[in-house]
Amino acid sequence: MKRAPVIVHPPSSGGRRVTLYGQDLGRALRPGDVAAILRRAGFCTSKFVWDDTRVFEWRDGGPDIWLMP
């Protein structure tokens, strides 16, 4: 199975790390931050579909989980 190009890593004290094809792009505190980080990296789309598993892999919780357990 092909891995999603965008991985949003588990929540930590500094937000969730965002990687694109394995390259660390930064940390996000909410979905809007993920979108901004990806757009700055040139990964543009008219609308992000957060539950599209061909694009996003959300580790330890989806786009509604931002705090550490």
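Annotation note: Cβ proximity below 6 Å between a residue of segment 1-20 that is at negative phi and a residue that is in a strand (DSSP E or B) and of a type in the set (D, E) (sequence gap 6+ or interchain) occurs for A4/E57; I7/E57. The number of residues in segment 13-67 that are touching a strand residue (DSSP E or B) at 6+ places or on another chain (Cβ under 8 Å), outside any loop (DSSP other than H, G, I, E, B) and open to solvent by 70 Å² or more (accessible area, probe 1.4 Å) comes to 4.
The values are calculated or read from the model by the stated rules, or taken from the named source; none is laboratory data. Please read all numbers here as calculations on a predicted model, not as lab measurements. So basically every Cβ, Gly included, is an ideal-geometry build from the backbone, and we count neighbours across all protein chains shown. For the accessible areas, the whole protein counts, side chains as well, though only heavy atoms, and no ligand, DNA or RNA atoms are used. Shrake-Rupley method; radii C 1.70, N 1.55, O 1.52, S 1.80 Å.
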